[in-house]
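Structure record follows, encoded as C-alpha coordinates.
The values are calculated or read from the model by the stated rules, or taken from the named source; none is laboratory data. Computed from a predicted structure; not experimentally measured. No Cβ is skipped: glycine too gets one built from the backbone with ideal geometry, and neighbour counts run over all protein chains shown. What goes into the accessible areas is simple: the full protein's heavy atoms, side chains included, and nothing from ligands, DNA or RNA. Shrake-Rupley method; radii C 1.70, N 1.55, O 1.52, S 1.80 Å.
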Amino acid sequence: MENDRIVDTGDADRMPTNVKCTFDNITAMTRAILDRGVMPVILGGHLAITHPVVRAFTAQLPSIHFDAHL
(Lines give C-alpha, C1' and ligand atoms only; values in the text may rest on other atoms or scores of the structure.)
Protein backbone atom coordinates (compact mmCIF):
# COMPACT_ATOMS: atom_id res chain seq x y z
CA MET A 1 0.00 0.00 0.00
CA GLU A 2 3.00 2.27 -0.38
CA ASN A 3 1.41 4.27 -3.21
CA ASP A 4 -2.21 3.85 -2.16
CA ARG A 5 -4.24 6.56 -0.52
CA ILE A 6 -7.40 6.50 1.51
CA VAL A 7 -9.62 9.54 1.11
CA ASP A 8 -12.83 10.42 2.93
CA THR A 9 -15.07 12.01 0.30
CA GLY A 10 -17.69 12.92 2.86
CA ASP A 11 -21.41 12.30 2.83
CA ALA A 12 -23.68 12.34 -0.19
CA ASP A 13 -26.21 15.17 -0.08
CA ARG A 14 -29.48 13.90 1.30
CA MET A 15 -32.94 15.34 0.98
CA PRO A 16 -34.93 14.18 4.03
CA THR A 17 -38.27 14.49 2.23
CA ASN A 18 -37.14 13.19 -1.16
CA VAL A 19 -35.81 9.64 -1.18
CA LYS A 20 -35.46 9.51 -4.99
CA CYS A 21 -33.28 12.62 -5.04
CA THR A 22 -31.20 11.31 -2.14
CA PHE A 23 -30.66 7.99 -3.92
CA ASP A 24 -29.75 9.81 -7.14
CA ASN A 25 -27.13 11.81 -5.19
CA ILE A 26 -25.66 8.62 -3.71
CA THR A 27 -25.47 7.02 -7.15
CA ALA A 28 -23.86 10.13 -8.68
CA MET A 29 -21.26 10.38 -5.92
CA THR A 30 -20.40 6.69 -6.19
CA ARG A 31 -20.18 6.92 -9.99
CA ALA A 32 -17.86 9.95 -9.75
CA ILE A 33 -15.52 7.93 -7.52
CA LEU A 34 -15.63 4.97 -9.92
CA ASP A 35 -14.96 7.26 -12.91
CA ARG A 36 -11.65 8.22 -11.32
CA GLY A 37 -10.61 4.56 -11.29
CA VAL A 38 -11.03 4.22 -7.55
CA MET A 39 -12.83 1.47 -5.65
CA PRO A 40 -15.28 3.10 -3.23
CA VAL A 41 -15.67 1.79 0.30
CA ILE A 42 -19.08 2.73 1.64
CA LEU A 43 -19.44 2.75 5.42
CA GLY A 44 -22.47 3.52 7.52
CA GLY A 45 -25.88 4.63 6.48
CA HIS A 46 -29.21 2.90 6.32
CA LEU A 47 -29.44 -0.50 4.65
CA ALA A 48 -31.41 1.15 1.84
CA ILE A 49 -28.27 2.84 0.47
CA THR A 50 -27.07 -0.45 -1.01
CA HIS A 51 -29.30 -0.09 -4.09
CA PRO A 52 -28.15 3.41 -5.15
CA VAL A 53 -24.50 2.41 -4.61
CA VAL A 54 -24.81 -0.80 -6.64
CA ARG A 55 -26.55 0.91 -9.55
CA ALA A 56 -23.50 3.18 -9.97
CA PHE A 57 -21.44 0.21 -11.14
CA THR A 58 -21.45 -0.58 -14.86
CA ALA A 59 -19.11 -3.57 -14.65
CA GLN A 60 -19.14 -6.69 -12.52
CA LEU A 61 -19.42 -5.68 -8.89
CA PRO A 62 -16.87 -6.98 -6.41
CA SER A 63 -18.49 -6.54 -3.02
CA ILE A 64 -18.41 -7.45 0.61
CA HIS A 65 -21.56 -6.50 2.49
CA PHE A 66 -21.63 -6.46 6.28
CA ASP A 67 -24.93 -6.17 8.11
CA ALA A 68 -24.77 -5.75 11.88
CA HIS A 69 -28.30 -6.86 12.69
CA LEU A 70 -28.36 -9.41 15.46
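For this structure, a couple of remarks:
- Residue that is touching a helix residue (DSSP H, G or I) at 6+ places or on another chain (Cβ under 7 Å) and assigned to a loop (DSSP other than H, G, I, E, B), where the choices are Met39, Met15: Met15
Listed here are the residues, each with its yes/no results for (1) open to solvent by 100 Å² or more (accessible area, probe 1.4 Å); (2) of a type in the set (A, V, I, L, M); (3) in contact (Cβ under 8 Å) with a residue 60 or more places away in the chain.
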{"site": "Thr27", "(1), (2), (3)": "no, no, no"}
{"site": "Ala32", "(1), (2), (3)": "no, yes, no"}
{"site": "Asp35", "(1), (2), (3)": "yes, no, no"}
{"site": "Val38", "(1), (2), (3)": "no, yes, no"}
{"site": "Gly45", "(1), (2), (3)": "no, no, no"}
{"site": "Ala59", "(1), (2), (3)": "no, yes, no"}
{"site": "Pro62", "(1), (2), (3)": "no, no, no"}
{"site": "Ala68", "(1), (2), (3)": "no, yes, no"}
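- Restricting the range 47-57 to residues that are closer than 14 Å to Ala12 by Cα and β-branched (Val, Ile, Thr), the residue that is surrounded by the most Cβ atoms within 10 Å (Cβ to Cβ): Val53
- The set of residues in the range 1-25 being of a type in the set (S, T, N, Q) and surrounded by 11 or more Cβ atoms within 10 Å (Cβ to Cβ) consists of Thr9, Asn18, Thr22, Asn25.
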